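Undergrad: Here you go, one structure.
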Amino acid sequence: MSTNKCDICPVKNNSNLTKMGLNIGKFDYLVALAGNPNVGKSTVFNALTGLRQHTGNWTGKTVTKAEGAFYYNEKKFKVVDLPGTYSLLSTSKDEEVARDFILFARPDVTVIVIDAAKMERNLNLVLQVLEITEKAVLCVNLIDEAERNGITVNDKLLSEKLGIPVVLTSARKGIGISEIIKFIYEVASGIFVCKPHRDRKEPDEIKEAIDKISSMLKLKFPDLPNIRWVAMRILEGDHKIIEALERNELTA
Amino acid sequence: MKHEENTESKKNNLEDIISEANVLRWKSGSNFHDDIMDSLYKDASDIAKSVINYTGEKKAFSFDKKVDRILTNKFLGFPVMLLMLMGVFWLTIVGANYPSRFLSYILIDVIHTFLKSAADSVGIPVLISGFLFDGVYLAGAWVVSVMLPPMAIFFPLFTLLEDLGYLPRVAFNLDNYFRKVGAHGKQALTMTMGYGCNAAAVLSARIIDSPRERLIAIITNNFSLCNGRWPTQILISTIFIGALAPTYLASIVSASSVVIVSLLGVFFVFVVSYGLSKTLLKGEPSFFSLELPPYRTPKLLSVLYTSFIDRTLLVLWRAIVFAFPAGAVIWLISNIYIGDKVIAEHMTDFFDPFGLLIGLNGIIIVAYIVAVPANEIVLPTVFMLIVLTSKMTGIGEGSGVLFDMENTASIEELLRAGGWTLLTAVNLMLFSLLHNPCSTTVFNIYKETKSIKWTSVATLLPLFIGIIVCFLVAFIWRLFV
C-alpha cells in the first residue's frame, strides 16, 4: 500500500519555491533541522536549500551547524542544520549545540528528521524536541528503504498523536520535500497550529513535583513556552537552565 | 540601573522555586532524571508501536545482516578491510599514471615554455620572469599534475566506501580494541576521518563526550595518513618499492607497502592511546553504542560531485595556495648567495648530518620545514632542492626551477643522483607518517583544546616518535645491509 497520497496533491507543483543556497542575509522565518545521526538530515538540508553539504553514511558527519536558505510564497526561510544527536540532554558538545539552538535561538519551525525504520528510538528525540518547542514538523525519512524492508508508517495517526504535521519522505529521491516546505510555511505563519504531545505517565510523585514547579513558574514567567520542560530541568538541578531563567533568556 | 534591579528581582524569585525543587527532589527520593527518561522512552515506544505496520514476514534488513556477518566477522573482518584498502590504492597507482603525464605535458612543456618565451619577447627581466614562472608557476603546475590524478581516483573511491556505509563497519571492527587501550570507541570514526584530513578530523572529535578521551583522539589523529600525504606515499612507493619487484607485480607491491605504512599508523594510534590513557590521561573508557547504518546504494553523481568538489578541488586548491608562496621562497633561497653558497645550500648542509643519521638527508629535512603549512608540497620541494644542490646539468632550466619529471623513471634517476637509497625512500615514507601535523591542524588542535600544553604534545610527540623510528630503522639497516 502506498502512503504517499501527498504525491498527488496540488502543492507538489511548487513553482513558488526558490532555493537560495548560501545567500542568507535577512530572513522572515528561522528553521532548525534536528534529528538523530545518520537519518539523512543533511540530505534534507540540501534538498531544501539547494546546497551541497557533504552527506556521509555514518554517525557524526555534521558536528557544527550548517546554514542555508530558500524562498517560498514570498517569504524567506533561513535553515540551520543542527548536529545529529540521540537526545537533547546536553551530555556532549553536539547535543548542547542542538539543544541551545532550539532553546535560545527559538526557531520559528523545527523540522525533526527521523529514520522510518528506527521509529521507536528516533521518537525519543522527537518527544524531547516537542517538550522545548511547539512549532515543529516531523519528517519521516528513508521511507523507501523502510518499505523495501516491509515497514509501513501510518503518517495520519502519527500526526494526530504528536500534534504536529508529519511527512513521509525519501530526501535522496526528492520525495516529500515539497510537502515539508508547505508545512514549514504553514507552521511558521500560524496557518497550522501545533498541539504538541506532552502528556506522560510519570510516576505520581514525579508528576506532582513537576506540576508544582510548573505552576510556580507560570506565575513568574507567564510567557514561558516550555514550562514543563523547564520545571523538569530545575528539578534535576540543571544550572545552565536556572541561570538562563535568571537572565531572562528563555522567554520570547 | 533599572534593568539590573529587574534581573535582581527575578533572581530572588527563583530562589524559592529552587528551594521548593530541592525539597521535592528530596521527598521523591528516587532518581528523578531516570524516571523522567523512562516515561519518555515508554511514551515513544507506545507511539511507535501504534503507527508502524510490518507487512509480510519480518525480513527487515536481512541482506544487510548477511553482509555485516562477513564484514564485521571476527576473523574475516580485518582481511576484508585490508583487501579493500589494497584495492583502492592499487587502482589509484595504476590509474594515475597516464593523466599525470598528460597534465605535465600541457602545464609544463606547453604552457611553461610559452610563458618563458613570451616573457623574453616582451622583455621582462630574467630575474622577475625566473621568480614568477620558474618559481611560483612551476610549483603550482607541479602540484596540479602530480597530485590531481591520484586524488581524482582515490577520493571518489573513498567517498564510495563512505556512502555505502562501510566506514562505520571499520569503526565497529576497531571499537573493541580502542576500548581495550582505554580510549573511546568513537575514536575509530575520528581516525577514519583523519584519512581524509587531519584538520577536519580534529574538529570531528567533538562527537566524543569525555574530554579525556577526546584529547586522546585529537593527539593520535595525526597517525592517520591524510590527503596531503597519500601522494607522497604512493609516489615514493611506486618509484622505489615497486621497482624492486618484477614489472607485473610492481603496482601490487607498491600498493601493499602503502597499506603497511598506514597499518603502522594504526599501530601507533593504539600504542600512543594506550600510553596516554595509562599515564597523562588516566581513566576508564566510557560506554557507547555504535549504530550500524543500513547499506545504501551510493548515488554515482553525488559521489563524483562531493569527491571532486569537496575533496579533490579543495585539497588541490589548498596545495596550490601554499605551493605558490613556497615556490617563491624556494626560488629565493636558491638564488640568494651568502658567501659562496646560496641560502638553500647552507640550510641543507646544516641539516645533512642529522638527516643522514636518521636515514634521511638534509634536503628532506629542509623540505619538511618549508612544508609546515601543507604536507602536499614536500615532494616538489625535495625535487627542486636536489637539482639545485647536486648541480645537475641538463635537467631543469636554471637554479631554483621547480620542474616536472616526465615519468617515474626520470624521477628515480634524479633521486638516485641525489644520493637516495632504498633506505632513504623507506624512511621518507615513515617520516611522512610520523611527523608534526600541518599548521592548519595544529591551529585546530589549539582551537579545540584551548591548551598550549596539549597542542605541543600533539605537535611534538609524532615528530619525536618519527625521529626515533627513522633512527632505529637506519641503525639496524646499516648493521645488516
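Undergrad: Given the conditions (1) modelled with pLDDT under 90; (2) facing chain B (nearest Cβ under 10 Å), report the number of the one that A:A231 does not fulfil.
TA: (1)
Undergrad: Give me a count of the residues in the range A:100-120 that are touching a residue at least 24 places away in the same chain (Cβ under 8 Å), in a helix (DSSP H, G or I), more than 8 Å from chain B (Cβ to nearest Cβ) and more than 15 Å from A:S159 (Cα to Cα). So that I can check it myself, show each step before the final result.
TA: Taking the range A:100-120 as the starting set, the residues that turn out to be touching a residue at least 24 places away in the same chain (Cβ under 8 Å) are A:101-119.
Right, trim to in a helix (DSSP H, G or I) and you get A:101-105, A:116-119.
Add one more test, that the residue is more than 8 Å from chain B (Cβ to nearest Cβ), and what stays is A:101-105, A:116, A:118.
Narrowing further to those that are more than 15 Å from A:S159 (Cα to Cα): A:101-105, A:118.
Total meeting the criteria: 6.
Undergrad: Follow-up question, since we're still on this one. If B:T7 satisfies every condition in (1) at pLDDT 75 or above; (2) in a helix (DSSP H, G or I); (3) within 8 Å of another protein chain (Cβ to nearest Cβ) but one, which is the exception?
TA: Unmet for B:T7, out of (1) at pLDDT 75 or above; (2) in a helix (DSSP H, G or I); (3) within 8 Å of another protein chain (Cβ to nearest Cβ): (1).
Undergrad: Every residue in the range A:183-209 that is crowded, with 18+ Cβ neighbours inside 10 Å, modelled with pLDDT of 85 or more and over 25 Å from A:T110 (Cα atoms), please.
TA: A:I206, A:A209
Undergrad: Hey, does the range A:162-183 have a residue that's touching a Phe, Trp or Tyr at 6+ places or on another chain (Cβ under 6 Å) and part of a helix (DSSP H, G or I)?
TA: Kept after step one, since they are touching a Phe, Trp or Tyr at 6+ places or on another chain (Cβ under 6 Å), are these residues of the range A:162-183: A:165, A:181.
Going one step further and asking which of them are part of a helix (DSSP H, G or I), we end up with A:181.
Yes, the range A:162-183 has at least one match.
Undergrad: Give the residues of the range B:339-378 that are of a type in the set (G, A, S) and either part of a strand (DSSP E or B) or exposed (fewer than 15 other Cβ atoms within 10 Å of the Cβ) (or both), sorted by residue number.
TA: Initially, the range B:339-378 is screened for residues of a type in the set (G, A, S), giving B:339, B:344, B:355, B:359, B:362, B:367, B:371, B:374.
Answer for the range B:339-378, where residues must be of a type in the set (G, A, S) and either part of a strand (DSSP E or B) or exposed (fewer than 15 other Cβ atoms within 10 Å of the Cβ) (or both): just B:G339.
Undergrad: Of the residues B:S251, B:S286, B:S262, B:S302, which single one is of a type in the set (G, A, S) and at pLDDT 85 or above? Break it down stepwise before answering.
TA: Working: B:S251 fails: at pLDDT 85 or above; B:S286 fails: at pLDDT 85 or above; B:S302 fails: at pLDDT 85 or above.
Going through B:S251, B:S286, B:S262, B:S302 in turn, just one is of a type in the set (G, A, S) and at pLDDT 85 or above: B:S262.
Undergrad: Mind telling me which of the residues B:R212, B:R229 ends up being out of contact with any Phe, Trp or Tyr (no Cβ under 8 Å at 6 or more places or on another chain) and within 22 Å of B:L167 (Cα to Cα)? Step through it out loud before you land on a result.
TA: Values: B:R212 fails: within 22 Å of B:L167 (Cα to Cα).
Residue meeting the stated conditions: B:R229.
Undergrad: Give the number of residues within the range B:194-213 that are closer than 23 Å to B:Q233 by Cβ and more than 8 Å from every other protein chain (Cβ to nearest Cβ).
TA: Step one: filter the range B:194-213 for residues closer than 23 Å to B:Q233 by Cβ, giving B:194-202, B:204.
Add one more test, that the residue is more than 8 Å from every other protein chain (Cβ to nearest Cβ), and what stays is B:194-202.
Matching residues across the range B:194-213 total 9.
Undergrad: Before we move on, is A:D144 assigned by TED's automatic domain parsing to the domain that holds A:F104 and in a helix (DSSP H, G or I)? Working first, answer last.
TA: On the way: assigned by TED's automatic domain parsing to the domain that holds A:F104: yes; in a helix (DSSP H, G or I): yes.
Taking the combined requirement at face value, the residue satisfies it.
So that you can scan it fast, the table gives a plain yes or no per residue for (1) part of a helix (DSSP H, G or I); (2) at the interface with another protein chain (Cβ under 8 Å from one of its Cβ atoms); (3) surrounded by 21 or more Cβ atoms within 10 Å (Cβ to Cβ):
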position: B:L160; (1), (2), (3): yes, no, no
position: B:L167; (1), (2), (3): yes, yes, yes
position: B:F172; (1), (2), (3): yes, no, no
position: B:F178; (1), (2), (3): yes, no, yes
position: B:A183; (1), (2), (3): no, no, yes
position: B:M191; (1), (2), (3): yes, no, yes
position: B:L215; (1), (2), (3): yes, no, yes
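Undergrad: Residues of the range A:228-240 being surrounded by fewer than 21 Cβ atoms within 10 Å (Cβ to Cβ), part of a helix (DSSP H, G or I) and either touching a Gly at 6+ places or on another chain (Cβ under 8 Å) or free of Cβ contacts under 8 Å to residues at least 40 places away in the same chain (or both), which ones?
TA: Here is the first cut: in the range A:228-240, the ones surrounded by fewer than 21 Cβ atoms within 10 Å (Cβ to Cβ) are A:228, A:236-240.
With the extra rule that they be part of a helix (DSSP H, G or I), the set shrinks to A:228, A:236, A:239-240.
Within the range A:228-240, A:E236, A:H239 qualify.
Undergrad: Which of the residues that make up the range A:126-161 are under 13 Å from A:I175 (Cβ atoms) and of a type in the set (S, T, N, Q)?
TA: Once the filter is applied, which keeps residues that are under 13 Å from A:I175 (Cβ atoms) and of a type in the set (S, T, N, Q), the range A:126-161 yields only A:N141.
Undergrad: Filter the range B:42-56 down to the residues that are assigned to a helix (DSSP H, G or I) and hydroxyl-bearing (S, T, Y) and list them by number.
TA: Quick first cut of the range B:42-56, residues assigned to a helix (DSSP H, G or I) only: B:42-51.
Within the range B:42-56, B:S45, B:S50 meet the criteria.
Undergrad: Tell me which residues, restricted to the range B:20-41, are charged (D, E, K, R) and facing another protein chain (nearest Cβ under 7 Å). Quick ask: steps written out before the conclusion?
TA: Start the filter on the range B:20-41 by keeping residues that are charged (D, E, K, R), which leaves B:20, B:25, B:27, B:34-35, B:38.
B:E20, B:R25, B:D35, listed by residue number.
Undergrad: What do you reckon, is B:L423 modelled with pLDDT of 85 or more and surrounded by 14 or more Cβ atoms within 10 Å (Cβ to Cβ)? Before you say what the answer is, go through the steps one by one.
TA: Numbers: modelled with pLDDT of 85 or more: yes; surrounded by 14 or more Cβ atoms within 10 Å (Cβ to Cβ): yes.
For B:L423, the condition - modelled with pLDDT of 85 or more and surrounded by 14 or more Cβ atoms within 10 Å (Cβ to Cβ) - is met.
The values are calculated or read from the model by the stated rules, or taken from the named source; none is laboratory data. For clarity, every value in this text was computed on a predicted model and none was experimentally measured. Every residue, glycine among them, receives a Cβ derived from its backbone with ideal geometry; neighbour counts consider all protein chains shown.
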